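Below is one structure; the comments refer to it alone.
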Amino acid sequence: MAVLDYQPQWAVDFERLARTLGGALGDHARSIDHVGSTSVPGLAAKDCVDIQVCVEAIDEGRQVGLLAAIGFRCRPEPWNRVEISGGEECRKLVFAPPVGARRCNVHLREDGGPNVRFALLFRDYLCASEAARRSWGAFKKRLSLSVPDLLDYGQIKAPATEVLMMAAETGWLPVSSPVTR
């Protein structure tokens, strides 16, 4: 697993994927946002675009069917179904792309949930703070060299992300998203 320097193509890939997802989900998608490290210009990241789709409510049968119709596969792991954010348990669904397609993770989350805010705060804070962006990128590059296993990498990065987010929590308000419905 490699962490790459920022690639401008990530924003282009997000736009294309957002149009595809929006077309498939229609009114189910309240907003579609580029989140995660690939959404932050200048930040090193794994070459996997993270997309957050806000829906009114998780309706697994309906939403899995809509995305399966365009080849997206619902991830079965328990951590891809529920996450804790702000001390609150939040339902979610995570989808992998069609086999052979551009690597991405599509996170369906319920609009207004603390996990939605967390993803936007992560992006916005790292966009706004050059020092945090530079340090976070250096940390991830070094970690990927030291810990090549993706599961181990994620387990080490998770508590470090909590520390980063404590700094971000002070005074954050959401900015307008690149793609919002």
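The values are calculated or read from the model by the stated rules, or taken from the named source; none is laboratory data. Just so you know, these numbers come straight off a predicted model, no measurement behind them. Each accessible area value is taken on the protein alone, full model and side chains, heavy atoms only, with ligands, DNA and RNA left out. Shrake-Rupley method; radii C 1.70, N 1.55, O 1.52, S 1.80 Å.
How far, in degrees from 0 to 90, does helix 150-168 lean away from the longest principal axis of the Cα atoms of the chain, to the nearest 10?
The helix 150-168 is inclined about 80 degrees to the chain.
Tell me, what is the 1.4 Å probe accessible area of Ile156, in Å² to the nearest 10?
80
With everything on Cα atoms, drop me the angle between helix 114-128 and the longest principal axis of the chain, reported from 0 to 90° to the nearest 10.
50
List the residues, sorted by chain then number, that are 5 or more residues from Ser31 or on another chain and whose placed amide H is less than 5 Å from its amide H.
Residues meeting the criterion, in which the H sits 1.01 Å from N, are Cys54, Arg181.
Counting only the heavy atoms of the protein chains, how much of Val163 is accessible to a 1.4 Å probe, in Å² to the nearest 10?
Accessible area of Val163: about 90 Å².
What value, in deg cm²/dmol to 500, does the helix sum -39500 (n - 2.57) over DSSP H runs of n ≥ 4 give at 222 nm once divided by the residues of the chain? Write down the numbers at each step before the final one.
Details: 5 runs with 77 residues, N = 181.
After summing the helix terms and dividing by residue count, I get -14000 deg cm²/dmol.
What residues have an amide H closer than 5 Å to that of Gly36, excluding those fewer than 5 places away on the same chain, when H is modeled at 1.01 Å from N in the peptide plane?
Amide H neighbours of Gly36, under 5 Å, 5+ apart: Arg123.
From the square roots a ≥ b ≥ c of the eigenvalues of the alpha-carbon gyration tensor of segment 13-54, which class results: rounded (a/c under 1.5), prolate (a/b over b/c), or oblate?
In terms of gyration-tensor shape, prolate.
So for Ile84, Ile58, Ile70, what's the accessible-area order with a 1.4 Å probe, most first?
These residues rank, largest area first, as Ile84, Ile70, Ile58.
Give the long-range amide H neighbours of Arg75: residues separated by 5 or more places, or on another chain, with amide H under 5 Å away, using H modelled in the peptide plane at 1.01 Å from N.
The list, which skips near neighbours in sequence, is Val94, Phe95, Ala96.
For segment 56-63, take each phi angle, set θ = phi - 60°, evaluate the Karplus expression 6.51 cos²θ - 1.76 cosθ + 1.60, and give the result in whole Hz per residue in order, putting x for glycine and proline.
Using θ = phi - 60°, the values come out as 4, 8, 6, 10, 3, x, 6, 5 Hz.
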